[in-house]
Amino acid sequence: MTNQDFEVKSLGECTVTSPLYTAYKNTPMAEGLFVDNDDRILYDPTLEGFKKCLKEGTDPITFEKAGPREKIFFSPSNTKAAIVTCGGLCPGINNVIRSVVNGLYYRYNIKNIVGIPYGYEGLIPEFGHEWVDLTPEKVKDIHMFGGSILGSSRGRQNIERMVDTLERNNIKMLFTIGGDGTLSGNHVIQEEIERRGLKIATAGIPKTIDNDVNFIHKTFGFETAFTTAAPIIRDAHNEATGAYNGVAIVKVMGRDSGFIAANAALAMPDVNFVLVPESEFDLYGPNGFLESLKDRLVKGHHAVVVVAEGAGQNLFEDDQNVEKDASGNIKHQDIGLLLKDSISKFFKDQNFEATVKYIDPSYIIRSEPAIAADSIFCSSLAMNAVHGVMAGKTDFVVGRWNMHFTFLPIPTATSSRKKIDLSGELWWSVLENTGQPYSMKNEEK
């Protein structure tokens, strides 16, 4: 990993005076409001990291700081912008759409803004999805609702034809709201744009409740997701304690990363087991999950289990016919149902009294409106995406690192998935709160 991996592409020299600079240049805000391209945010802010760079004589890894520039690339009077939402639903999508529209309209005087319906399908004319004119009046109340007013879809479309559509409709900036697959799609669109020598900027705004985008501390929707899951876990705890040796299983989203499960369990600390994709476990055997669960029931007579959808995939028989969804993600087997059936059978075979309840609120959680903290975060991400695009930045995603908003090249952000560090503070906190063993693998104890 080098600083070159964190260099954001630009369409060219910025020669247009920003309307923001004109509005604020004679105010006290001007001194601290505007960002220079040389302003950088440290990847590693520790003293140890600083000393290592001094010792090796190397420059520290840094991100480009997000924010408004005094000079911009696009002239607002003849610029047309488009917004598209892709992938699964997520709390806060409408907040982001609203903030992008308002930022372009009120801050940069761009009046020509369109919404592309149903993801990248909307860029292919044969689907017949009619574009939507977006104005502040059109979006003024959408933050009150979950989902996406533009609709969404998974999967890529023909790259050349999508760029044909952008070029034919004189789109100069494209805002893509989505997760890993959407961002990867943004990148290949940008590659085709560059191949044609077009001056179209693309920006990604990271949408995934799984919080699994690399080099970004938090994605929008994540905080709402685990906040919404917390009272469901509370109710599951009530179910578990309402029966002798009651077991309540709550399955939450988390295909490859268990951040929702871990944080929801910390937010509602009545959970006894958190099962995540990062930590494989065995069902059976002296150190397996079922024996640990039985030990918990013997001592406490109830247990709450929170499981991420991608956990425990090692427990299923190998299937050579691996299925993938339209985004290219492997379709996981249903770990929730496997746990429910396995727990019930295990205790029945041992003539051990137990009552098992299974709750799957996944699609309810992702369709919730954003909570207040997420709403603020969505607005900041969107506004910084607008600042970046207006300055001619392209093929980037807006992130947050060490309390600062940053611009990050999409290829770097999508190079790998962010996962829970099993030796880190988050997982340690989970183990402390649940009391579960560090490992439930028989060979690792």
Mean Kyte hydropathy of 0.0 or more with a Cα span along the axis of at least 20 Å, helices from DSSP in the chain: 335-349, 372-390
Mean Cβ count within 10 Å, highest first, over the residues of peptides 391-399, 286-294: 391-399, 286-294
Inter-label distance, nm, simple model (7 Å from Cα along the C-beta direction), ILE376/GLU126: 4.8
Residues listed by number, the stretch 148-187, amide nitrogen under 11 Å from ARG195 label point at 7 Å toward C-beta: 159-161, 163
For peptides 165-178, 260-273, 37-50, sequence by mean Cβ density within 10 Å, most packed first: 260-273, 165-178, 37-50
Average accessible area per residue (Å²) across the chain - probe 1.4 Å, nucleic acids and ligands excluded: 44
FRET efficiency for GLU317 and THR27, using Cβ-Cβ distance with R0 set to 56 Å, rounded to 0.05: 0.25
Label point distance in nm, GLU353-LYS71, each placed 7 Å from Cα along Cα→Cβ: 8.0
Signed unit charges on C-beta, dipole axis of the chain, positive-most listed residue ASN314, GLY179, VAL84: VAL84
Sum of side-chain charges, LYS52 neighbourhood, beta-carbon under 15 Å (Lys, Arg +1; Asp, Glu -1): -2
Positive-end residue, the chain charge dipole about Cα centroid, Cβ charges, pick of HIS332, TYR358, LEU381: LEU381
Surface share of carbon and sulfur [accessible, 1.4 angstrom probe, percent] for the chain: 48
Top positive-direction residue, dipole computed over the stretch 25-80 with Cβ charges, set LEU47, ILE72, VAL35: ILE72
Of all DSSP beta bridges in the stretch 264-416, antiparallel share, percent nearest 5: 70
Beta bridges per DSSP with both ends in the chain, % antiparallel, nearest 5: 35
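The values are calculated or read from the model by the stated rules, or taken from the named source; none is laboratory data. From a predicted model like this one, the values you see are computed outputs, not experimental measurements. As a convention, Cβ positions derive from the backbone with ideal geometry for all residues, glycine included, and neighbour counts pool all protein chains shown. Note: accessible area is taken over every heavy atom of the protein model, side chains too, but ligands, DNA and RNA are not part of it. Shrake-Rupley method; radii C 1.70, N 1.55, O 1.52, S 1.80 Å.
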